[in-house]
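Everything below concerns the one structure shown next.
The values are calculated or read from the model by the stated rules, or taken from the named source; none is laboratory data. This one's a predicted model, so the numbers in the text were calculated from it and none came from an experiment. So basically every Cβ, Gly included, is an ideal-geometry build from the backbone, and we count neighbours across all protein chains shown.
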Amino acid sequence: MRESIEKSPEYCAIETAMEVLGGRWKLAILKELLSGTQRFSELKRALPRVTQRMLTRQLRELEADALITRTVYREVPPRVEYSLTDAGRSLDAIADQLDTWGRWYRATHRGTVPEPDRGGGSEGAERDPVGAGDPRR
């Protein structure tokens, strides 16, 4: 785990989670790896808007935080694969909830139609997750 993550009891657990998971592409990378081990080129193809440099940086940070493993095979040309650790796999339900919330938010606040479910467990994405649309909350 990166040294910058505080260990003091006053440090909020949500701050820790945001420090580890923060980054525009980290959750998207983790969501892609939930379907199984992938090579860099497969991740790049699945996330076409991320630059190669940013994908490399985000993968290194996820590896440093023990959410993914990087396996290098001694072949010509070299083959590198990324897969989730147990800690990375533990984010499955959280990623599904964020996906559901993102679809709901996009549909209700940006006037767009939710994308069709791609088997990620986002059934009912059009409903209001935990009353988030209630202005009293």
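Some points to look at:
- Unmet criterion (only one of (1) in contact (Cβ under 8 Å) with a residue 24 or more places away in the chain; (2) part of a helix (DSSP H, G or I)) for Arg103: (1)
- Scan segment 22-39 for residues that are at negative phi and in contact (Cβ under 8 Å) with a residue 24 or more places away in the chain and the total you get is 12.
- Pairs with Cβ under 8 Å, 6+ apart, first in segment 43-61 and touching a residue at least 24 places away in the same chain (Cβ under 8 Å), second surrounded by 12 or more Cβ atoms within 10 Å (Cβ to Cβ) and aromatic (Phe, Trp, Tyr): Leu43/Tyr82; Val50/Trp25; Met54/Trp25; Leu55/Trp25; Leu55/Phe40; Gln58/Trp25; Leu59/Phe40; Leu59/Tyr82
- Residue within segment 20-37 that is modelled with pLDDT of 95 or more, surrounded by 15 or more Cβ atoms within 10 Å (Cβ to Cβ) and more than 11 Å from the chain's Cα centre (by Cα) present: no
- Criterion: among the acidic types (Asp, Glu), out of contact with any Leu (no Cβ under 9 Å at 6 or more places or on another chain) and modelled with pLDDT of 95 or more - qualifying residue of Asp86, Asp65, Asp92: Asp86
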